[in-house]
1. For an R0 of 51 angstrom, estimate the FRET efficiency from the Cβ-Cβ distance between Ser354 and Ser222 and round to the nearest 0.05.
2. Roughly what percent of Cα-Cα pairs across region 88-176 reach past 19 Å?
3. Among Asn112, Leu337, Ile237, pick out the residue whose Cα is farthest towards the positive end of the charge dipole of the chain, where Lys and Arg carry +1 and Asp and Glu carry -1 on C-beta, about the Cα centre.
4. Could you work out how far apart the two model spin labels at Asn347 and Ile42 are, taking each label as a point 7 Å from the Cα in the direction of the beta carbon, and quote it in nm?
5. Taking amide hydrogens as modeled 1.01 Å from N in the peptide plane, which residues meet the under 5 Å criterion relative to Ile88, leaving out close sequence neighbours?
6. Between Lys167 and Lys208, what is the FRET efficiency for a Förster distance of 22 Å, r being their Cβ-Cβ separation, to the nearest 0.05?
7. Just the Cα atoms of region 210-315: what Rg and Dmax do they give in Å?
8. For region 260-367, just say rounded, prolate or oblate: build the C-alpha gyration tensor, square-root its eigenvalues into a ≥ b ≥ c, call rounded for a/c under 1.5, and beyond that prolate if a/b exceeds b/c, oblate if not.
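Throughout, read-outs are computed from the coordinates displayed, never taken from laboratory work. Computed from a predicted structure; not experimentally measured. As a convention, Cβ positions derive from the backbone with ideal geometry for all residues, glycine included, and neighbour counts pool all protein chains shown.
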Amino acid sequence: MACNFSNTCRAVIVFIWAALTLLIVHVASATNISIHVAASEIERQALLNSGWWKDRIPHNTSDHCNWFGITCDYEGRITHIGLAESNIKGELGHINFSCFPNLQYLDLSNNNLSGSIPSQIGSLSNLKYLDLDRNNLTGTIPKEIGSLRNLEVLDLSSNNLNGTIPKEIGSLKNLKQLDLSSNNLNGTIPKEIGSLRNLEGLDLSSNKLSGVLPQEIGNLKSLIGLFVRNNTLGGPIPSTLFRLTNLEVLYLGFNQFNGTIPREIGHLKNLTYLFIKVNKLTGAIPSTLGQLTSLLQLDLSSNQLHSSIPLEIGNLSALEELDLSDNKIHGIIPDELTKLSQLKNLNLSSNLLSGQIPSAIGKLFNL
């Protein structure tokens, strides 16, 4: 006898549909759990294979989420590895980075890691923080590092890395801090670095970089600190640099910059530290330096500057250190220097100054 959509038939259909739905959900859930368990075991084995946790695993647990330096999300997937200053030895490549697709934070700084940075590090697509500084890493910076599009902090400083800075670094649009200092990097600073519009700190100091500061450096409108000291950079200081009105610290010392100090330097109203010592700068000390009223330290020593000391220097009321030594500065020491009541260190030696030292300079009680 046909049902003709009686209440009984409807009930049967609803029951069958509900049963099928529950079965599908159960199978999907079980499959999902199996996938998570398998992924978690892959991560656990990768940690074990590195050898870095050999003596760090608690005796009462095999759950790697409770191991030293490991943080997992609610599904048991590793998101943080923090092993700074942990006396880790061996090659960085001993850990298979491709096993950690959810990793967001990796800090292996201040250890004894050696070898090169493996190209597979580019597989960490969710990584936001990467710190490998103060190790013994060698080789080049892999271009695959440009695949870390979520990266906000990259610190490879104080290693023995060589080769050039890969232009692919320009792909790291979210980067806020970039520190490649104290390595053996050579070649020029790639113009692609100007694409890092969110960058707040850039440190390329103590390498073997040559060429000029690229004009594109002026695109880094968020930059607060720029450090390129102790390289062999040359040419004039690019005018685009003075667009960086958020800049607070500027270290250009121990290079081969030539030409004059542009008057536009007065645009950098937030500068607190300005170091351009040991270069080949010529011409006058611009009077516009007097507009940098937040300056705490000003060092233009060991150049070939050959003007008088501008009176406007007396406007730098917060200045604590002033070094104009080892130039060709002539004329008298202006009375305006005696306005610098916060001055602790003053060096005008090895110049062509004449006349008397202003008597009021003795009232600078911090000197």
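1. Calculated transfer efficiency: 0.65.
2. Numbers: 1252 of 3916 pairs.
Above the 19 Å cut-off, region 88-176 has 32 percent of its Cα pairs.
3. The listed residue farthest towards the positive side: Ile237.
4. Placing both labels 7 Å along Cα→Cβ, they lie 5.7 nm apart.
5. Asn112
6. Values: r = 18 Å, r/R0 = 0.81.
Result of the calculation: an efficiency of 0.80.
7. 12.6, 36
8. Values: a/c = 1.61, a/b = 1.09, b/c = 1.47.
Since a/c reaches 1.5 but b/c is at least a/b, the shape of region 260-367 is classed as oblate.
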